[in-house]
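Report on the following structure.
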Amino acid sequence: MSETNKLFNQFSLYGERRFLPFFITQFLGAFNDNLYKNALLVIIVSNAVIGSDSKVNFLTNFAVGLFILPFFLFSATAGQLADRFDKAVLMRKVKFCEIMIMLLAAFSLFNQNLTIMLCILFFLGTQSAFFGPLKYSIIPQHLTKKELLAGNAQVGMGTFVSILLGTLIGGWIITIEDGTYILGFLMIAMALIGWISSHQIPTAPPVSKELTTSLNPFKEISKNFNLASQDKTVWYCILAISWFWLYGGCFLTQVPNFTVSVLNGHPRMVSILLGAFIVGVATGALLCNRLSKGIVNPALVTVGTLGLSLFAFDLSYASSIFASANVNLKDIMPGEFLTLKGSMRLSLDLVLIGMFGGLFIVPLNAMVQARTDISVRARVISINNIVNSAFMVGGSLLGILFLTILKWSILEFFVAIAILNIAFMSMIFSKVPEFKSSFILWLKSMKKGN
């Protein structure tokens, strides 16, 4: 009995050296990325270094593009290196590079040099592109099959919490007196701690040492695509993971405008709504292990799909009611928002969208890891990163299509994305019947459990 409980106690992983140092390392890396990215976006939007409004929109989108571009350029090479060398050693090298990047980032902040700031964003994207295949390929190398879902749940939870903290803290610190100095020193400290932590990660040697490294990214992308598509289930899992990032990006990108133009909220209210969404994702990630009893269960992907669309529909409906009821209010502050009728329903919708997103994404990541041979796992994950990035760009294009060209409202856009979610995932389920069959078996087991 106690042994069984141990297997499904996902928090016990924090007592293991094979997990805790890695978790700290990846958590601080994601935290640092978002500290800097959001501080830079605040600087751009506030015109602190621009001097006019004419370049704000261009620079905002250009900054996002600079961070994503390295994933297209370097992910294939990163996956190749991760399959060829010890992953723990490579992590230490990547984290050391982060220290150098953060030193330069602090210098750019101190001097308010926008050109260097934008270059730093590209360097951070490059570092993330090299870290990604290491991050997801080392998990199944250090954890058992029964721990795999729990490990992914903890990493998923940590990633989204770090995004939330980095977003809020970075955006806040940069606006206070001497904020650039405080932020610069904080980023350097986080990079140093992450580098120290990486030295405690146990070795993760490669299986195939005869693999050669090519610096031609296009050639390697083609090879890695072939590897990723050899297993049909793995390939469609990659597409589903990428769809999640498109779906989440479509919502998160619109949250600031949604807050101000639909809910009549003050910009400070954005943090509450973003926080509700990301707390929901973290909660959903942690629930995965309990709902599937520690087994990688595709059924949860179907559950997540249904929840993502259902509560997106309700969010649109509840937002319309809230806006009509509070049409005479302007610049609603966070404290005031929470006292208004309908605010709890809105917040709960965002939490539940996030929660079902967590149930959706964690099993997919675990399935890719579990069903990919260790000798090619990092290269397959590198393709996952490339496809993720392409879908994120596609999400931006969908936003432009619906909101700018077709001139739909934000609420209509949310409904459209929810419908597209059902359509896209229905295609995935038709290609991989395992999702449907496992969902039916899961429902039967839940009924028997009751």
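Based on C-alpha pairs under 8 angstrom that are at least 6 apart in sequence, the chain has a relative contact order of 25 percent. Ranked by how many other Cβ atoms sit within 10 Å of their own Cβ, fewest first, the residues 126, 372, 253 fall in the order 253, 126, 372. Going by neighbour counts of Cβ atoms within 10 Å, the residues 119, 250 line up, fewest first, as 119, 250. According to the Cα-based calculation, Rg over Rh for the stretch 10-204 is 1.00, with Rh computed by the Kirkwood formula. Measuring between their Cα centroids, the stretch 413-448 and the stretch 246-268 lie 27 Å from each other. Only helices at least 27 Å long along their own axis, judged from Cα atoms, and with Kyte-Doolittle mean hydropathy of -1.0 or greater: name those in the chain from DSSP H. Those that clear 27 Å and a mean of -1.0 are 20-45, 56-84, 87-111, 114-142, 145-173, 179-198, 232-257, 270-291, 299-325, 343-370, 377-399, 410-431.
Label sites at residue 268 and residue 293, each approximated as a point 7 angstrom past Cα along Cα to Cβ, lie 4.9 nm apart. Which links in 145/219; 37/341; 232/436 stretch past 27 Å when you go from one Cα to the other? Among 145/219; 37/341; 232/436, the Cα-Cα distance tops 27 Å for 145/219; 37/341. Taking all Cα pairs closer than 8 Å and separated by 6 or more residues, the relative contact order of the stretch 223-450 comes to 38 percent.
Each of 266, 142 was scored by other Cβ atoms within 10 Å of its Cβ. Arranged with the fewest first, they read 266, 142.
Highest mean first, the peptides 321-330, 11-20, 218-227 sorted by other C-beta atoms within 10 Å per residue fall in the order 218-227, 11-20, 321-330. The calculated Kirkwood hydrodynamic radius for the stretch 289-374 is 15.0 Å, given to one decimal from all distinct C-alpha pairs. Quotient of the Cα radius of gyration of the chain and 2.2 N^0.38 Å, N being its number of residues: 0.97. Bridging of residue 223 to aspartates and glutamates at a Cα separation below 18 Å is possible for 83, 210, 231, 373, once same-chain residues fewer than 8 apart are set aside.
Protection proxy ranking for 28-35, 424-431, using the average of other Cβ atoms within 10 Å per residue and placing the highest first: 28-35, 424-431. For a straight C-alpha distance cut-off of 18 angstrom, the lysines reachable from residue 93 (same-chain residues fewer than eight places away being disregarded) are 135.
Taken together, the values in this text are just the output of simple stated rules run on the coordinates, not laboratory data. Keep in mind that what you see is a predicted model, and the values were worked out from it rather than measured. Here Cβ is always computed from backbone atoms with ideal geometry, including for glycine, and neighbour counts include all displayed protein chains.
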